[in-house]
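Heads up, the thing below is written out as structure tokens.
Just so you know, all these numbers are worked out from the coordinates, no wet-lab data involved. As the structure is a computational prediction, the values presented were derived from the model and not from experiment. Don't worry about glycine lacking a Cβ; one is built from the backbone with ideal geometry, like all the others, and counts go over all protein chains shown.
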Amino acid sequence: MSGGQTVEEFKAEREALNEIVMEYAGLPIKRFYGLDARVYRDGALPRKTKELIGLVASLALRCDDCVKYHAIGCKETGVTDEELDEALSIGLVIGGSIAIPHLRRALKAWDELKG
């Protein structure tokens, strides 16, 4: 995913690529996808908190696709600008200055999601 890709382009590409994956996927891949979907559901922690955790981990691991995915999830669950800022601050402290380009892309996506 390039930094210039819009949120809508990202969503469309992700959906198309997941369809291709599922054409080839055996049981292990399908189980992993299922687990990924399940862990972000409301539980002892609400989905909102889980999306923020996913965003922090994605920033620290420097995965732009994951950062954008979780930024979308954060917006869908009602994360505020202040909550996002605090979570991204944690991700930056953990990830260090090498995560700054990913921080920029996260905030670009957030800006776009806010309209």
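Tabulated results
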| item | result |
| --- | --- |
| Fewest-first sequence of Leu61, Leu52 by Cβ atoms within 10 Å of each Cβ | Leu61, Leu52 |
| Ellipsoid equivalent to the chain - semi-axes via the Cα gyration tensor, in Å | 23, 17, 14 |
| Where Cα atoms sit under 24 Å apart: lysine pairs in the range 4-115 separated by 8 or more or lying on different chains | 21 |
